[in-house]
1. Can you give me the number of residues within the stretch 133-149 that are touching a residue at least 24 places away in the same chain (Cβ under 8 Å), of a type in the set (A, V, I, L, M, F, W, C) and open to solvent by 40 Å² or more (accessible area, probe 1.4 Å)?
2. Just one of ALA104, ALA147 is under 30 Å from GLY42 (Cβ atoms) and among the aliphatic types (A, V, I, L, M); which is it?
3. Whether any residue in the stretch 118-132 is charged (D, E, K, R), surrounded by 12 or more Cβ atoms within 10 Å (Cβ to Cβ), in contact with a strand residue (DSSP E or B) (Cβ under 6 Å, 6 or more places away or on another chain) and at pLDDT below 95 is what I want to check.
4. Does ALA58 fit the bill of being open to solvent by less than 70 Å² (accessible area, probe 1.4 Å), closer than 22 Å to THR24 by Cα and without any contact (Cβ under 8 Å) to a residue 24 or more places away in the chain?
5. Working carefully through the options GLY54, GLY98, GLY71, GLY85, find the one that is closer than 30 Å to ALA120 by Cβ and more than 21 Å from the chain's Cα centre (by Cα).
6. Output the number of residues of the stretch 61-77 satisfying the condition of being in a helix (DSSP H, G or I) and either among the basic types (Lys, Arg) or in contact (Cβ under 8 Å) with a residue 24 or more places away in the chain (or both).
7. Is it the case, given these coordinates, that TYR159 is modelled with pLDDT under 95, surrounded by 11 or more Cβ atoms within 10 Å (Cβ to Cβ) and closer than 25 Å to GLY71 by Cα?
8. If we keep just the residues of the stretch 92-117 that are in contact with an Asp or Glu (Cβ under 7 Å, 6 or more places away or on another chain) and over 19 Å from ARG143 (Cβ atoms), which is most open to solvent (accessible area, probe 1.4 Å)?
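The values are calculated or read from the model by the stated rules, or taken from the named source; none is laboratory data. Please read these numbers as outputs of a predicted model, since none were measured by experiment. We place every Cβ from the backbone using ideal geometry, glycine too, and count neighbours over all the protein chains shown. Ligands, DNA and RNA are excluded from the accessible area calculation, which covers all protein heavy atoms including side chains. Shrake-Rupley method; radii C 1.70, N 1.55, O 1.52, S 1.80 Å.
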Amino acid sequence: MHSEGVASRSADQRDSARESRNGTPQLDAVSLAIIQQLQEDGRRPYAAIGKAVGLSEAAVRQRVQKLLDQGVMQIVAVTDPLTVGFRRQAMIGINVEGDVESIADALTAMSEVEYVVMTAGSFDILAEAVCEDDDHLLDVINRRIRALPGVRSTESFVYLKLKKQTYMWGTR
């Protein structure tokens, strides 16, 4: 009987996140349910998650660690930028001459840039900047982003009011 429990756990761990053909983990229903539980409350105890998804606390702990190690998810504190002193946010559309990846890499190294995506369409890259005020945003755009070799042009979309920001899309 003991060996069946070990075999069951091994199969459970193998099935939790197999890699797909493109190298990204394919998640089973239990792993998706664990992610959903943590999206609802990132501080939810593993024992409570285990009850909700039908696993032991230890099995949930192992699965969560595997999901973290594989880069499937992060557990972080999400703040409201306004309440922590960042009063200016903007999405910046960037057109590039030459290697888009090198510009995207340079943007990811900037502490003010929270989001970088390479796109098809009017812009080569979209980058979200979170700054203390307008002067700080101007400095980031004018002296740092526009100064990158290969940046041809930028267009800024300053946020007037944030109506929705959610991270619940991960398991739908």
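1. Looking only at that region, the number is 0.
2. Selected residue: ALA104, the only one of ALA104, ALA147 that is under 30 Å from GLY42 (Cβ atoms) and among the aliphatic types (A, V, I, L, M).
3. no
4. No: the conditions fail for ALA58.
5. Sole residue among the options that is closer than 30 Å to ALA120 by Cβ and more than 21 Å from the chain's Cα centre (by Cα): GLY98.
6. Here the count works out to 6.
7. Considered against the rule, which asks whether it is modelled with pLDDT under 95, surrounded by 11 or more Cβ atoms within 10 Å (Cβ to Cβ) and closer than 25 Å to GLY71 by Cα, TYR159 comes out as no.
8. My answer is TYR115.
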